[in-house]
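Chemist: This structure is in structure tokens; I'll ask about it shortly.
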Amino acid sequence: MGKIIPFSDLARQHQLNLLEHKRREYREREDYLARLRRLLFKIEGQMRQAEIQQLQVFLDLSENFKIPLEFPSLGDRVALQEFFATDPFLLTLQEFLAGRLTAEECYRRILELKEETARED
């Protein structure tokens, strides 16, 4: 006859197997999350670099047209959004870059802004 295994030993072994299975499952997900976090960090870095390059376009144009632009701190995204939503020069450039203004219309608006600024000074 075969050896009889006590139920408590079977239950214990089942619990140990369950714990080991859950640990493997958890580790796999944790490793996956770590890889995703590294990827996200790289993508965020690339996005930030592209955003800075986009801001440089506005700075280059402001220098070309001799219109002073002082961006708020780059870390202050709310202030940056408000700045882009309220500055008439930036609004004009955004409309042009989005294709809602022709180059001629954009140039005319910029000249008008420069004249207004000159009158205010």
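The values are calculated or read from the model by the stated rules, or taken from the named source; none is laboratory data. Fair warning: this is a prediction, and the values are worked out from it, not measured in the lab. No Cβ is skipped: glycine too gets one built from the backbone with ideal geometry, and neighbour counts run over all protein chains shown. Remember, those area values only see protein heavy atoms, side chains included, never the ligands or the DNA or RNA. Shrake-Rupley method; radii C 1.70, N 1.55, O 1.52, S 1.80 Å.
Chemist: Return the pairs, sorted by first residue and then second, in which the second residue is open to solvent by 80 Å² or more (accessible area, probe 1.4 Å) and assigned to a helix (DSSP H, G or I), the first residue lies in region 1-20 and is free of Cβ contacts under 8 Å to residues at least 12 places away in the same chain, the beta carbons are less than 9 Å apart, and the residues are 6+ apart or on different chains.
Modeler: Filtered contacts from region 1-20: Ile5/Gln13.
Chemist: So, Gln46, is that one surrounded by 11 or more Cβ atoms within 10 Å (Cβ to Cβ) and polar (S, T, N, Q) or not?
Modeler: Judged against the criteria, Gln46 is not a match.
Chemist: Give the number of residues within region 40-82 that are of a type in the set (A, V, I, L, M, F, W, C), without any contact (Cβ under 8 Å) to a residue 40 or more places away in the chain and under 19 Å from Lys114 (Cβ atoms).
Modeler: 4
Chemist: Of the residues Leu113, Leu101, which single one is open to solvent by less than 60 Å² (accessible area, probe 1.4 Å), modelled with pLDDT under 95 and not charged (D, E, K, R)?
Modeler: Leu113
Chemist: Oh, and also: Considering (1) surrounded by fewer than 10 Cβ atoms within 10 Å (Cβ to Cβ); (2) among the polar types (S, T, N, Q); (3) closer than 24 Å to Arg109 by Cβ, say which one Gln56 fails and leave the rest.
Modeler: Gln56 satisfies all of (1) surrounded by fewer than 10 Cβ atoms within 10 Å (Cβ to Cβ); (2) among the polar types (S, T, N, Q); (3) closer than 24 Å to Arg109 by Cβ except (1).
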